[in-house]
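Asker: My structure is below; once you've seen it, I'll send some questions.
The values are calculated or read from the model by the stated rules, or taken from the named source; none is laboratory data. None of the values given here were measured: they were computed from a predicted structure. Positions of Cβ are generated from backbone atoms using ideal geometry, with glycine treated the same way; all protein chains shown enter the neighbour counts. Ligands, DNA and RNA are excluded from the accessible area calculation, which covers all protein heavy atoms including side chains. Shrake-Rupley method; radii C 1.70, N 1.55, O 1.52, S 1.80 Å.
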Amino acid sequence: MVTERIECQGIVLSETVYGESDRILRLYTERKGKVSVIVKGAKSRRSRFLPLSEVFTFGLYRLSRGRSIYYLNSGKILQANLGLRASYDRLIYASAIVEIVDRSSMEGEGTARIFSLLRKALHELSSGKEPLPIFLGFVIKYVSFMGYRPLIPSTDEVEAYFSSDRGIVEGENSTGGVAVDPADIYTFRHLLYTSLDKINLATTDKQTVEKTYRLLTNYLKVNLDLDKIQSLQLRM
């Protein structure tokens, strides 16, 4: 039987100890979506694979497939994203991003578009920019790529409300949704249609940003069936 071997770019979403000396990684890859990978000896600090096994690492991974799981043969780091650990807030939002992707992705499924979004989000967070706007931009784009793009009116000056399963709905609020104002609508549109590296909420009222955070994270949890995002429980 011929062993399947692949070379692909991937990002480490999570890692767990396996046996006495190994680790199992959850990688989100450009070619295979999310895959599980056993890394032999990676528990040892002297392992040559240890840097490739760190969460947030973006690397080139050469894998061989076993019966139900991949094994790491070799690889190289393309971007370590070490800047994520230089700030508490950056670390929290980056951890939330990989948790969201890990928990909402099925094994063997994924898209190059989501891989690119994930890579860019971690890169932008690592670069030292204000982390919350990047996180919000990631969330609204990710949930859209997953097939749950929220409704957003084409103009700000409309009567509208926010529905946790539909987005910003035009019309009178008769269903118990959250009332939204023009600033809220503009912020949602800016986050959805602006590339991550261009998002700027510096002039947006802090209350509007926090309201957007609450609405978007709730929308994400409802539509992707995530009961709680553990990393965000540590948000200050």
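Asker: Computed from the coordinates I sent, mean projected area of the Cα convex hull in nm² equals one of (i) 14.0; (ii) 16.6; (iii) 13.4. Tell me the label.
Answerer: (i)
Asker: So, R0 is 22 Å and r is the distance between the beta-carbons of SER68 and SER21; what FRET efficiency does that work out to, to 0.05?
Answerer: E(calc), rounded to 0.05, equals 0.60.
Asker: Let me ask something else. Quick query: amide H of ALA42 versus all other amide H atoms, modeled in the peptide plane; which residues come in under 5 Å with a sequence gap of 5 or more or a different chain?
Answerer: ARG23
Asker: Let me ask something additional. Direction-averaged shadow area of the convex hull around the Cα atoms of the range 32-137, nm²? List each step's numbers first, then the result.
Answerer: Details: hull surface 28.1 nm².
One quarter of the hull surface, i.e. the mean projection, equals 7.0 nm².
Asker: Just how large is the dipole of the chain about the Cα centre, in debye to the nearest 20, putting +1 at every Lys and Arg Cβ and -1 at every Asp and Glu Cβ?
Answerer: Details: 33 positive and 27 negative charges, 311 e Å.
Charge dipole, the chain, about its Cα centre: 1500 debye, nearest 20.
Asker: Under a 1.4 Å probe, what is the accessible area of the chain per residue, stated in Å²? Present the calculation step by step, with values, prior to reporting the outcome.
Answerer: Values: 12150 Å² over 236 residues.
Per-residue accessible area for the chain comes out at 51 Å².
Asker: Still on this structure, please answer the following. When we measure straight from the Cα of LYS32, which aspartates and glutamates land under 20 angstrom away, once same-chain ones fewer than 8 places off are left out?
Answerer: GLU4, GLU7, GLU15, GLU54, GLU99, ASP102, GLU107, GLU109
Asker: Follow-up. Within the chain, what's the longest run with no GluC sites (Glu not before Pro) in a DSSP loop and at most 13 other beta-carbon atoms within 10 Å? Give the range, please. It would help to have the intermediate numbers written out before the result.
Answerer: Details: sites that count: GLU4, GLU20, GLU109, GLU157, GLU159, GLU172.
Value returned for the longest uninterrupted segment is 21-108.
Asker: Give the carbon-plus-sulfur fraction of the accessible surface of the chain in %, rounded to a whole number; probe 1.4 Å, heavy atoms of protein chains only. Can you show the working numbers first?
Answerer: Working: 5710 of 12150 Å².
Roughly 47 percent, rounded to a whole number.
Asker: So what's the net charge close to LYS221: Lys and Arg +1, Asp and Glu -1, counting the other residues with Cβ under 9 Å from its Cβ?
Answerer: Details: positive: LYS228; negative: ASP225, ASP227.
Neighbour charge sum, excluding LYS221 itself: -1.
Asker: Next up: Tell me which trypsin sites (Lys or Arg not before Pro) from the range 64-151 have a DSSP coil assignment and no more than 13 other beta carbons within 10 Å of their own. Provide the component values of the computation, followed by the final result.
Answerer: Values: sites: ARG65, ARG67, LYS76, ARG85, ARG90, ARG103, ARG113, ARG119, LYS120, LYS129, LYS141; in loops: ARG67, LYS129.
The qualifying sites are ARG67.
Asker: Between the range 14-75 and the range 192-228, how far is it from one alpha carbon centroid to the other, in angstrom?
Answerer: Their Cα centres are 32 Å away from one another.
Asker: May I ask for the net charge around HIS123, where only other residues with Cβ less than 12 Å from the Cβ of HIS123 are counted and Lys, Arg are +1 while Asp, Glu are -1?
Answerer: Numbers: positive: ARG90, ARG119, LYS120, LYS129; negative: GLU124, ASP197.
Value of the local net charge: +2.
Asker: Any chance you could run the full-extension gain for TYR148 through SER174? It's 0.36 nm times the residue separation minus the Cα-Cα distance, nm to one decimal. Working shown, then result.
Answerer: Numbers: separation 26, 0.36 × 26 = 9.36 nm, distance 2.24 nm.
Full-extension gain reported as 7.1 nm.
Asker: How do HIS190, HIS123 rank by accessible surface area computed with a 1.4 Å probe, from largest to smallest?
Answerer: Numbers: HIS190 30, HIS123 80 Å².
Largest to smallest exposure gives the sequence HIS123, HIS190.
Asker: Can you give the Rg to Rh ratio for the range 79-159, taking only C-alpha atoms and Rh from Kirkwood? Mind dumping the intermediate values first?
Answerer: Details: Rg = 14.2 Å, Rh = 13.7 Å.
Reported Rg/Rh (Cα atoms, Kirkwood Rh): 1.03.
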